[in-house]
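The values are calculated or read from the model by the stated rules, or taken from the named source; none is laboratory data. Note that this is a predicted model, so its numbers are computed, not measured. A quick note on method: Cβ atoms are made from the backbone with ideal geometry, for glycine too, and the neighbour counts reach across all protein chains shown. Accessible surface is based on the protein model in full, side chains and every heavy atom, while ligands, DNA and RNA are left aside. Shrake-Rupley method; radii C 1.70, N 1.55, O 1.52, S 1.80 Å.
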Amino acid sequence: PTPAHSHQQPHLRDFDLSAVRGPGGARLGLETAADSHAESLRMLILAKERELHDMNASQIRDLTVRLEARDKAVQEATGRFEKLKVDFNFNLKLIEERDSELVQFEQAVGELRHTLHDKEAELSQTRIDLAEMEAARGDDARGVAEQLSYLQSKVKEGREELASLRWTNDEEARRRREESEGLKRE
């Protein structure tokens, strides 16, 4: 018997066992036992190869399912992140717009305060003028009465305008507080 490949270890399947004879030329039955053993080994090897193949296929399926689940989780997280980013940018823009409005309101309140100050000064000057006129027209009661009536109407107008300006100022301040509280709640 010669091995099939000279550089490898000889295997039982590499030998022709049909030629082996016992004493008197009788066949020893090695061929059948060797063939049966070789067939058993082949069957065992095939079974192990199938088992290994099935294990690999199962691991591949498991890994594929885990990879798909991870990809889905990544996509969901990316979607949530993008939504948060859009919401954040929207809220940031709202805050910037409200900040700009607050600056405008503060300027308007400053202008209203300046106007109120001017009106109070005008009212004070009107009172001074009235006092001077009363002193200068002490003899002429009718002239004084007319002048007094005129000045009183001017004072009344001034007070009404002052009250209106104060109301406008108070409304503006109330509205700013409400908007500021609204921003804080958001």
(message) Tell me the net charge near LEU162. Cut-off is 10 Å between Cβ atoms, LEU162 excluded, with +1 for each Lys or Arg and -1 for each Asp or Glu.
(response) -2
(message) Using a Cα-Cα cut-off of under 22 Å, which lysines could be cross-linked to LYS119, ignoring same-chain neighbours fewer than 8 residues away?
(response) LYS154, LYS156
(message) Could you give each residue of segment 48-53 its phi-based ³J(HN,Hα) in whole Hz, using Karplus coefficients 6.51, -1.76, 1.60 with θ = phi - 60°, and x for Gly or Pro?
(response) 5, 4, 4, 4, 5, 4
(request) For segment 75-185, give the magnitude of the charge dipole about the Cα centre (Cβ charges: +1 Lys/Arg, -1 Asp/Glu; no others), in debye to the nearest 20. (result) 540 debye
(request) Mind checking which of ALA163, LEU92, MET133 is farthest towards the positive end of segment 71-186's charge dipole, using Cβ charges of +1 (Lys, Arg) and -1 (Asp, Glu) about the Cα centre? (result) LEU92
(message) I need the calculated FRET efficiency for the pair ALA135 and ASP170, taking r as the beta carbon distance and R₀ as 45 Å, to the nearest 0.05.
(response) 0.75
(message) Let me cross-check VAL155: its accessible surface, 1.4 Å probe, with only protein heavy atoms counted, in Å² to the nearest 10?
(response) 20 Å²
